[in-house]
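The values are calculated or read from the model by the stated rules, or taken from the named source; none is laboratory data. Computed from a predicted model, the values in this text were never measured in an experiment. Ideal geometry is used to build each Cβ from the backbone, glycine not excepted, and the neighbour counts take in all protein chains shown. All accessible areas refer to the heavy atoms of the entire protein, side chains included, with ligands and DNA or RNA removed. Shrake-Rupley method; radii C 1.70, N 1.55, O 1.52, S 1.80 Å.
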Amino acid sequence: MAPDNSGRLGTAQEITVAGTSAAVANAFGTGVRMVRLCSTTACRIAFGAAPTAVATGAYLPANAPENFVVNPGEKVAAIQESAGGKLSVVEIE
């Protein structure tokens, strides 16, 4: 069964997507089970307590919002596919 993609939008963070991996500053809050990601540029992403995005990681296309299931205390990191940009990260509560 697919997860419920609905919920209240919570804390928002932004990552500058560049040629080296960068993660959000703050871990996802207590009770957060999903985040919405949308990037201005194609990028590769990774999730975890201290994630490092790599060139072979999960692909996130530009300008295509996607929801991902996460655990409280995790973070997301991103690295550019071919050009820099910004990644919006919004917790769904």
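In the full protein context, the chain carries 54 Å² of accessible surface per residue, based on a 1.4 Å probe and ignoring ligands, DNA and RNA. Taking the Cα centre of the chain as reference, the dipole from Cβ charges on Lys and Arg (+1) and Asp and Glu (-1) amounts to some 80 debye.
At an R0 of 30 angstrom, the distance between the Cβ atoms of ASN67 and THR20 translates into a FRET efficiency of 0.70. Apolar share of the accessible surface for the chain: 51 percent from carbon plus sulfur atoms, 1.4 Å probe.
Label reach from SER6 (point 7 Å along Cα→C-beta): in the range 55-71, amide nitrogens under 20 Å belong to 66-70.
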